[in-house]
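In what follows, a single structure is set out as C-alpha cells and then discussed.
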Amino acid sequence: MNPYKLREIVSFLREQGKNLVTVTGDPVGPTELVQCFGLNEVLTPTELDIVVAELCVLAETENVMDRLRQPML
C-alpha cells in the first residue's frame with residue numbers, strides 16, 4: 001500500500017473517530033471505524049487489512065500513553 005495513502009487515511013480516521021462510540025458507550029473499534037467511513041468500498045481487502053492493523057497498533061499505543069500520563073499513587 002502506498003505509504004502516503006496509509007498515513008492520510010489513518011490520520012483522518014484518528015481525528016474523526018475520536019468521538020465515535022457504540023450504543024454501549026465504548027469506543028468504535030478499527031473494523032467498525034473503517035466501515036463507518038465506507039473504506040471497505042474504496043480499498044482492496046489487502047489495503048483494508050493494513051489499515052485495520054495500523055489502527056490496532058495506534059489504539060494500543062494510545063492506551064499505553066494514557067496509562068503513563070496517569071498520576072502515580
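Please treat every number below as a calculation from the coordinates, not as lab data. This one's a predicted model, so the numbers in the text were calculated from it and none came from an experiment. Backbone-built Cβ (ideal geometry, glycine too); neighbour counts: all protein chains shown.
Mind pulling the angle between the C-alpha long axis of helix 45-69 and the longest principal axis of the chain? Nearest 10 degrees, somewhere in 0 to 90.
Helix 45-69 sits at roughly 10 degrees to that axis.
In whole Hz and in residue order, list the ³J(HN,Hα) couplings for the range 23-29 that follow from phi through the Karplus curve 6.51 cos²θ - 1.76 cosθ + 1.60, θ = phi - 60°; x for Gly and Pro.
Using θ = phi - 60°, the values come out as 5, 8, x, 7, x, 6, x Hz.
Explain nothing, just the number: dipole magnitude of the range 10-73 about its Cα centre with +1 on each Lys and Arg Cβ and -1 on each Asp and Glu Cβ, in debye rounded to the nearest 20.
In total the dipole reaches around 300 debye.
Taking 25 Å as R0, compute the FRET efficiency from the Cβ-Cβ separation of Thr46 and Lys18 and round it to 0.05.
On the way: r = 27 Å, r/R0 = 1.07.
Approximately 0.40, to the nearest 0.05.
Express the relative contact order of the chain as a whole percentage, based on alpha carbon pairs under 8 Å and six or more residues apart in sequence. All intermediate terms of the calculation are to be shown ahead of the outcome.
Numbers: 27 pairs, mean separation 21.5, N = 73.
It comes to 29 percent, rounded to a whole number.
Could you state, as a whole-number percent, how many of the C-alpha pairs of the chain are farther apart than 18 Å?
Working: 1101 of 2628 pairs.
Cα-Cα pairs in the chain separated by more than 18 Å: 42 percent.
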